[in-house]
Amino acid sequence: MSRIKGTMLFFIFPWLISSQLKTPFLTNDYQSDQDYIKELKFLKNHPDRETERIIKSIAKWAYDHKDWDTAIENFERLLVDSPSANYYFNLAVAAARKSLEVPRFLSVPYVIKARKSVLIAHELQPKEVDYLNLLIQLYAEIPELLGGSVAFAKKKADELKDIDTLAGGMMQAYIFQLKNNFQASRLKIAEVFYYLKEEYNDPDRWAKELGKNLIFELGRAAAEYQIEPDLGILLLKHYQEDFVFKDNYPLEWAYYYQSKIYLYKGNENEAIASLHKALKIKPDFKEGLEFLKSLNLE
């Protein structure tokens with residue numbers, strides 16, 4: 001099984017309707033980040049600013065700080081002379097993430113750019129897990145009018161399952177969830193957890209090999225489907241303890257899902273404590289406030 005590098009990014013576009021709660025992506029106020037601005041100016045004013053090395057540094061610096069416009073611009077510049085699968089993939093991620101940060105009527109060009117770019121990346125490296133993950137999500141979620149296809153996404157999820165059992169199983173469950181077939185999705189998630197416990201019985205191993213996004217997604221699945229609560233808590237704790245600004249999912253959501261698991265286990269005190277940690281990070285965290293109010297425990 002190939003290693004998952006951490007790009008399982010569950011995109012939910014504005015036109016997609018689903019009955020389950022979706023975790024937003026972490027954003028970054030990079031325009032107020034003086035360290036980011038200072039380094040970006042330095043790179044742009046570098047004597048060798050037109051070399052691939054510097055353009056790549058700018059693209060990566062912007063990507064890590066979630067400045068998607070700058071990342072898109074510079075990955076496109078890199079692709080002119082170096083059409084690599086990795087550059088196409090990074091361009092696809094940046095464009096997809098940008099599409100979620102603009103009004104719906106402005107998102108279409110970014111969505112199309114993301115879909116086309118990840119398709120090229122996949123065609124260049126058909127068995128790369130990260131590329132397949134993103135390809136499946138984009139084709140599953142965007143309308144057919146913009147090139148999406150749930151049937152194509154399902155086919156690729158089946159292919160991914162043959163390459164990587166965990167990643168493929170998660171993508172199959174994800175497609176079932178998009179179709180609002182939560183029973184089938186839960187059964188698939190149960191299979192994923194069974195495989196996880198069989199193959200990764202040492203937490204130190206899965207912490208090193210699974211990638212942050214998959215670890216979060218597994219923890220969220222444990223909360224949403226009320227399955228494997230102890231393992232779910234362990235996964236979410238690892239995400240919390242290893243959290244850095246480059247991660248994709250907001251830290252308060254990790255505590256939010258953890259609180260749901262604690263409540264499922266009947267541990268109300270721990271559930272409230274986890275919610276308070278979430279609200280300490282983001283006092284106006286709407287979902288956390290609503291959940292705390294619904295518990296009626298204070």
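No lab work stands behind these numbers, since they all come straight from the coordinates. The structure presented is a predicted model; accordingly, all values stated were derived computationally and were not measured. Heads up, the Cβs are rebuilt from the backbone with ideal geometry, glycines too, and the neighbour counts pull from every protein chain shown.
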Contact order relative to length of the range 202-267, as percent, for alpha carbon pairs under 8 angstrom and 6 or more apart: 35
Taking the chain and dividing mean pair separation by its residue count, relative contact order in percent (alpha carbons under 8 Å, at least six apart): 16
Where GluC sites (Glu not before Pro) fall in DSSP loop in the range 26-91, at most 10 other Cβ within 10 Å: 50
FRET efficiency estimate (nearest 0.05) - Cβ-Cβ, residue 287 to residue 197, R0 25 angstrom: 0.30
Relative contact order (%) - the range 247-289, alpha-carbon pairs under 8 angstrom, separation at least six: 40
Positive-end residue of 178, 232, 45, charge dipole of the chain with Cβ unit charges: 178
Alpha-carbon Debye profile of the range 200-298, log10 I(q)/I(0) at 0.11, 0.16, 0.20, 0.24 Å⁻¹: -0.30, -0.62, -0.95, -1.28
Rg in Å to one decimal, and Dmax rounded to a whole Å, for the chain via C-alpha atoms: 19.6, 61
Where labels lie 7 Å past Cα in the beta-carbon direction, separation of residue 82 and residue 124 in nm: 1.0
Only Lys, Arg (+1) and Asp, Glu (-1) charged, at Cβ; the chain dipole about Cα centre in debye: 480
Computed log₁₀ I(q)/I(0) - Debye formula, equal Cα scatterers, no solvent, the range 22-77, q 0.14, 0.26, 0.27 Å⁻¹: -0.37, -1.04, -1.09
Virtual spin-label span in nm between residue 44 and residue 240, 7 Å along Cα→Cβ: 3.9
Ranking of 104, 115 by count of other Cβ atoms within 10 Å, fewest first: 104, 115
Euclidean distance of C-alpha centroids, the range 151-188 and the range 87-133, integer Å: 19
Rg over Rh, two decimals, the range 79-146 (C-alpha only, Kirkwood Rh): 0.97
